[in-house]
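Heads up, the thing below is written out as structure tokens.
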Amino acid sequence: MTTTWRRTRISSRFAHRDIAEDFGPVADLDADERAWRREALAAAFTGYRDDRLMGVGGTWREALQDAAATGRIDLAEHDGDLTVAYDNLLHGAIWEFVRTPEGIAILDTCAA
């Protein structure tokens, strides 16, 4: 599974979850509401992919390596050590490590 595929699937999963909470079942929506839902879903997907999803991987190590490779984390701030970075980020208030069927996602909980 490639990182791009994993990032896309995880972004889609989170966006669909958020929109389902906001709009409810699609069958209950009229045509205008469905159009708004589609627009909201596209915006939510883009938001996760571009802003909230910091790193993805099969393990937390892979997710942190992805975050470093994409410039979302500077490992030098954590002495270049993935375990130190994991411990620091896990106990911080900004990032959340989430297990999904596609792997581990690191989410920025402050990004909108």
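The values are calculated or read from the model by the stated rules, or taken from the named source; none is laboratory data. Please read these numbers as outputs of a predicted model, since none were measured by experiment. Just the protein is used for accessible areas: all its heavy atoms, side chains included, with ligands, DNA and RNA removed. Shrake-Rupley method; radii C 1.70, N 1.55, O 1.52, S 1.80 Å.
Report, to the nearest whole %, how much of the accessible area of the chain belongs to carbon and sulfur atoms, 1.4 Å probe, protein only. C and S fraction of accessible area: 51 percent. If you take the Cα centroid of region 1-43 and the Cα centroid of region 66-82, the two points sit 30 Å apart. Accessible surface computed residue by residue for the chain, with neighbouring protein chains in place and a 1.4 Å probe, gives 58 Å² per residue. Sorting H78, H16 on solvent-accessible area from highest to lowest, probe radius 1.4 Å, gives H16, H78.
Taking every Cα-Cα distance in region 1-87 and sorting them into 5 Å bins from zero, the calculated P(r) comes out as 3, 14, 20, 17, 13, 11, 9, 6, 4, 2, 1 percent. For region 1-59, relative contact order (Cα pairs under 8 Å, six or more residues apart, normalised by length) works out to 58 percent.
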